[in-house]
Amino acid sequence: MKKITIFLFMFLITVFFFISCNKSNSEKTFSGSVFIGIAIPETHVERWVKDGASLKKYAESRGYRAEVSYAGADQNVQNEQIRNFLKEGARLIIIGSINEGVIAAVADAAEAKVPVIAYDRIISNSADYDYYITFNNYEVGQFQGRSIEQGLDLKNSVADAPKNIALFAGAPTDGNAFFFYDGAMDILNPYIEKGVLRVVGPYPKTSNDRYNFRYIATENWLGDLAKARMKKLLSTDAKDVILDAILAPNDTLSRAIIDACLGDPKYSNSKFPLITGQDAEADSILAIKNGRQYMTVFKDTTKLAEATIILADHILSGNVTPSIPGATLASGDLVSMGDTGKKVVKAFLLEPIFINKDNWNIPVQAGFFTPEEEIKLK
Ligand code: GAL
């Protein structure tokens, strides 16, 4: 009996020693590494969960210590998270912001001489950072506008029998929302002016019309708000109208709008509005396969994350105008995408991909989905 007790005791000592040695090794892997803070805005839009995981993966693959924070779409929370990163000695911070309130935390980073990369969303009204990396969001909007133009055959439509459209936009606190909207409306406005396309509900011609834009905008990209607004439209301006199309800026809102339309007996399998989207979310790929959503846009956020970490690498090694594989430095008309209102920052743009029922497999082949999502799409 005594021998067994001694053996067990020795065994436990060995196991404990092995674990503590491993733990210190894993800590050692990153303890001496440069620390990058990653501030992600929200998780109710599923793409951001993928963004956070990809950024951390690519940062660690290059030997950085990386910490991801999610702010639940609360800018005060995110500012606290950014300040904590600074206290923990972050040497660079990647920020997917929520609204302009982030500039106070960006100013703190500048004070501490810690570079900031605006990730996917520009940080407006700040001169305290130099880099922005995103997709060509104006082109995302053009994909949406062109799909309505082609899907409704506007080129051959006549003013005697106009097609009806309702307009939705993203969060008015998100600079991308204006580029998405203007990209789409630059294609649709000529048809509205000709009378072949009729807007049902508020109609800001461009996002510069901030007064009317706020009526079609969706605070924090919240699906519930879009659903409520669509239901209200269906019982007021769109009550006695068959909508032929709905401009929806991203998939979370597209599916909320689809839900609202499914509750209206005017719409059925045969007669359903053409509804746009973006982000290639798995449930929206399903909706496209089922004919409920017309299109989405694949923005490969794993590529965006990889390009961002390569940019971070260059910045941390002092290369201030790097070339980033898969991303182009905005030039010409696109330079304005880097205009914060206080300075023009270097904007690196990745290419979005148009997705519809004919090529929905592209994001699957790119490995964009989890195994569970892939099973859902089979
Ligand atoms: C935008 C982003 C879109 C979508 C939206 C909702 O800034 O560019 O891809 O994710 O936020 O979060």
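Among residues of segment 55-74 being buried (at least 22 other Cβ atoms within 10 Å of the Cβ) and within 18 Å of the chain's Cα centre (by Cα), the one that is nearest to the ligand (Cβ to nearest atom) is 71. Taking segment 235-254 as the range and being away from the ligand (no atom under 13 Å from the Cβ) and out of contact with any Lys or Arg (no Cβ under 8 Å at 6 or more places or on another chain) as the test, the residues that pass are 235, 236, 237, 238, 239, 240, 241, 243, 246, 247. Taking (1) buried (at least 18 other Cβ atoms within 10 Å of the Cβ); (2) more than 22 Å from the chain's Cα centre (by Cα); (3) part of a loop (DSSP other than H, G, I, E, B) in turn, residue 173 satisfies each apart from (2). Residues considered: 295, 337. Of these, the only one that is in contact with a strand residue (DSSP E or B) (Cβ under 8 Å, 6 or more places away or on another chain), among the aliphatic types (A, V, I, L, M) and farther than 20 Å from residue 120 by Cβ is 295.
Figure legend. Inter-residue proximity from segment 273-295: first residues farther than 16 Å from residue 166 by Cα, second residues aliphatic (A, V, I, L, M) and in a loop (DSSP other than H, G, I, E, B), beta-carbon distance below 9 Å, spacing 6+ or different chains. Indicated pairs: 278/248; 278/295; 279/45; 281/45; 288/295.
Close Cβ contacts (under 8 Å, 6 or more residues apart or on different chains) running from residues in segment 86-106 that are under 21 Å from residue 65 (Cβ atoms) and hydrophobic (A, V, I, L, M, F, W, C) to residues that are within 16 Å of the ligand (Cβ to nearest atom) and in a helix (DSSP H, G or I) comprise 94/55; 94/308; 95/78; 95/102; 105/78. Being part of a helix (DSSP H, G or I), under 22 Å from the mean Cα position of the chain (by Cα), hydrophobic (A, V, I, L, M, F, W, C) and under 23 Å from residue 285 (Cβ atoms) is the requirement here; does residue 225 meet it? Spelling it out, it is not the case that residue 225 is part of a helix (DSSP H, G or I), under 22 Å from the mean Cα position of the chain (by Cα), hydrophobic (A, V, I, L, M, F, W, C) and under 23 Å from residue 285 (Cβ atoms).
Of all positions in segment 171-180, none carries a residue that is away from the ligand (no atom under 14 Å from the Cβ) and either more than 23 Å from residue 232 (Cα to Cα) or modelled with pLDDT of 95 or more (or both).
When the residues of segment 202-229 are filtered to those that are among the hydrophobic types (A, V, I, L, M, F, W, C) and in contact with a Leu (Cβ under 9 Å, 6 or more places away or on another chain), the one that is nearest to residue 262 (Cα to Cα) is 226.
If you check 270, 235 for being modelled with pLDDT of 95 or more and not hydrophobic (A, V, I, L, M, F, W, C), only one passes: 235.
Within segment 256-272, does at least one residue satisfy the condition of being surrounded by fewer than 19 Cβ atoms within 10 Å (Cβ to Cβ), in contact (Cβ under 8 Å) with a residue 40 or more places away in the chain and within 16 Å of the ligand (Cβ to nearest atom)? Checked against the condition, which is being surrounded by fewer than 19 Cβ atoms within 10 Å (Cβ to Cβ), in contact (Cβ under 8 Å) with a residue 40 or more places away in the chain and within 16 Å of the ligand (Cβ to nearest atom), segment 256-272 yields no hits at all.
Among the residues of segment 75-113, the ones that are surrounded by fewer than 17 Cβ atoms within 10 Å (Cβ to Cβ) and not in a helix (DSSP H, G or I) come to 4 in all.
In the set 246, 187, only one residue is assigned to a strand (DSSP E or B), touching a residue at least 12 places away in the same chain (Cβ under 8 Å) and either among the β-branched types (Val, Ile, Thr) or farther than 29 Å from residue 358 by Cβ (or both); that residue is 246. Restricting attention to segment 297-322 and to residues that are buried (at least 17 other Cβ atoms within 10 Å of the Cβ) and of a type in the set (Val, Ile, Thr), the residue that is farthest from residue 281 (Cα to Cα) turns out to be 315.
Just one of the listed residues (52, 37, 89) is at pLDDT 85 or above, within 16 Å of the ligand (Cβ to nearest atom) and not acidic (Asp, Glu), namely 52. Restricting segment 310-336 to residues that are touching a Leu at 6+ places or on another chain (Cβ under 7 Å) and not in a loop (DSSP other than H, G, I, E, B), the residue that is modelled with the lowest pLDDT is 334. The residue of segment 161-170 that is nearest to the ligand (Cβ to nearest atom), among those that are surrounded by fewer than 24 Cβ atoms within 10 Å (Cβ to Cβ) and assigned to a loop (DSSP other than H, G, I, E, B), is 162. Residue 314 fulfils the conditions (1) closer than 19 Å to residue 56 by Cα; (2) within 16 Å of the ligand (Cβ to nearest atom) except for a single criterion, (2).
The values are calculated or read from the model by the stated rules, or taken from the named source; none is laboratory data. Just so it is clear, the model here is predicted, and its values are computed rather than measured. Cβ sites come from the backbone with ideal geometry, for glycine too, and all protein chains shown count toward neighbours.
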